[in-house]
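First up is the structure itself, then whatever we jot down about it.
Every number here is computed from the coordinates shown, using simple stated rules; none is lab data. Note that the structure is a prediction, hence the values are computed from the model and not measured. Don't worry about glycine lacking a Cβ; one is built from the backbone with ideal geometry, like all the others, and counts go over all protein chains shown.
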């Protein structure tokens, strides 16, 4: 059973990422005439994993797309769609050659023109991608199999960023699809990964079907985290979300479904009593709850009003209301995850302790005038449902006027991209969760990106945060990076971009005849067998 309180503190970045990136299995081919039936954490309505950071869309991306590089269970970066990498003596030219045998699901060969276009689209949207592209003066295809990066300064970010394991993942797409502007959603869903999206059977938010891609050529290394062989060992994977998790567990025990992605701890006794299933965590380092501000509109355009919530909130209330069992959650003031190398409580004294007097003082100093806070409330993802009501209570306790508007998660995901005023269909705040693969350093943490219009929804804009993130990218030692992390936390107190609200985890449940499920930080379904 997962217990974050007993998790060991790791000594280095590579070792720590092992917790994020998963366990090992053998990538040997197997024949199967099977349909793996999965209950995902939510319905899938948005299919573009670059346009949105929503985890259900990221998980969909891992089904049908592939990546140029991938991380193994120790956090080491390996070629995935890549055959070789060469660097010039001055470190300013990086030449990447694609491996043989790769085709898109429509039968066309994968080319460097495709991968260049995919990198550029991802690099314009993702926080880590944007930082990597700031080092790139030119990126082009030299021939069908060769990409050339011309850099303005030496950096190790190219392979590391292209192996980014979570949202936004740099998935590769055909050039005609990757030519879609980053602020528009793609209209074709063609990848080169081990499964194909079955467009005819897709029912948005209700059902998704993936079929094995017989022409996929896996690498010949063992499966290891996201790296190595991606072998589809079932012919079909079907996702059918279920709002009633108890009903889903009953279906699992009856053999009607095979995997439930996320099971609330209070319902685990139903799994144990059934005797037909077992539990396994898909994410050993856990996740972090997060409150996100929209800084474009009052009242959160005022940093002092955002600071007030740093004092008004406490992590315990959110964790107790959502997870409940302390074996599955941990109070943690460190922005960059407790148990990982950049864990630090620097500059966190007095914060997140529901100091209502201090919070009210800050509201008064800011001249808060009763402007409503439109708080979006997700209702159909169990691990998120209780977050907004807790936030509403704590915000109202210090005098904020809260308009909590309820909707399903897919609707929230679509609405959070709107910059309209809250009264015109926009928003002021919402709550979500990020997993450790998105939080292990300041470049990966998307909500810390404060690059104004290029930042993620919420659009924080702060030169000091961006300079510190750039310094982190150029730092050459762990000690330098750790000092920058502490400086970032100090600046974040002055200019909050979001609020982290504690770590947690919930296990997956699997039928006893299902094996090979990887604890990779993301639920992936290559390597999985159903006997």
* To do: Can you pull the one-decimal nm distance between simple spin-label points at residue 364 and residue 256, each 7 Å off the Cα toward Cβ?
  => 5.8 nm
* Structure fact -> Taking the chain and counting helices only, DSSP H stretches of n ≥ 4 at -39,500 (n - 2.57) each over all residues, the nearest-500 ellipticity at 222 nm comes to -7500 deg cm²/dmol
* Asked: Quick one: Kirkwood hydrodynamic radius for segment 386-531, alpha-carbon pairs, angstrom, one decimal?
  -> 18.5 Å
* On alpha-carbon atoms, Rg over Rh for segment 87-137 using Kirkwood Rh? -> 1.05
* Structure fact -> Computed curve, segment 275-341, Cα-only Debye sum without solvent term, log₁₀ I(q)/I(0) at 0.16, 0.26 Å⁻¹, is -0.74, -1.22
* Asked: Expressed as a fraction of 2.2 N^0.38 Å, the rule-of-thumb size for a compact globular protein of N residues, what is the C-alpha radius of gyration of segment 122-274?
  -> 1.35
* Structure fact -> Extend 7 Å from the Cα of residue 463 along its Cα-to-C-beta direction; within segment 266-306, residues with backbone N under 19 Å of that point are 303
* Structure fact -> Semi-axes a, b, c in Å (a largest) for the chain, each sqrt of 5 times a Cα gyration tensor eigenvalue, come to 35, 29, 21
* To do: Please list the radius of gyration and Dmax for segment 145-186, considering alpha-carbon atoms only, with Å as the unit.
  => 12.8, 33
* Hydrodynamic radius (Kirkwood) for segment 325-424, which is based on Cα pairs only, to one decimal in Å -> 16.3 Å
* 189, 278 arranged by Cβ crowding within 10 Å, fewest neighbours leading -> 278, 189
* Ranked highest first by the average count of other Cβ atoms within 10 Å around their residues, in what order do 314-324, 97-107 fall? -> 314-324, 97-107
* Over the alpha carbons of segment 329-370, what is the largest minus smallest coordinate on each principal axis, giving the biggest first in Å? -> 41, 18, 17
* May I ask for the Rg/Rh ratio of segment 266-388, computed from Cα atoms with Rh as the Kirkwood radius, given to two decimals? => 1.05
* Starting from the Cα-Cα distance between residue 153 and residue 414, subtract it from 0.36 nm times their residue separation and give me the gain in nm to one decimal. => 90.2 nm
* Considering only DSSP beta bridges whose two residues both sit in the chain, what percent are antiparallel, to the nearest 5? -> 80 percent
* So what is the relative contact order of the chain, in percent, for Cα pairs below 8 Å that sit 6 or more residues apart? -> 22 percent
* Viscosity 0.692 mPa s, 37 °C: Kirkwood-radius Stokes-Einstein D of segment 287-504 over Cα pairs, µm²/s -> 188 µm²/s
* Going by average Cβ neighbours within 10 Å, how do the peptides 284-292, 365-373 rank, with the highest at the top? -> 284-292, 365-373
* So if R0 is 22 Å, what FRET efficiency would residue 103 and residue 74 give, r being the distance between their Cβ atoms, rounded to the nearest 0.05? -> 0.10
* To do: Kindly rank 250-260, 53-63 from highest to lowest mean number of other beta carbons found within 10 Å of each residue.
  => 53-63, 250-260
* Asked: Using alpha carbon centroids, what distance separates segment 362-395 and segment 206-234, in Å?
  -> 41 Å
* Solvent-free Debye scattering, log10 I(q)/I(0), computed from the Cα coordinates of segment 220-287 at q = 0.13, 0.15 Å⁻¹ -> -0.50, -0.64
* Distance from the Cα centre of segment 408-473 to that of segment 37-109, in angstrom? -> 22 Å
* Determine the gain in length on full extension of the stretch residue 221-residue 423; use 0.36 nm per residue of separation and subtract their C-alpha separation, reporting nm with one decimal. => 67.3 nm
* By DSSP, what percent of the beta bridges with both residues in segment 287-504 are antiparallel, rounded to the nearest 5? -> 65 percent
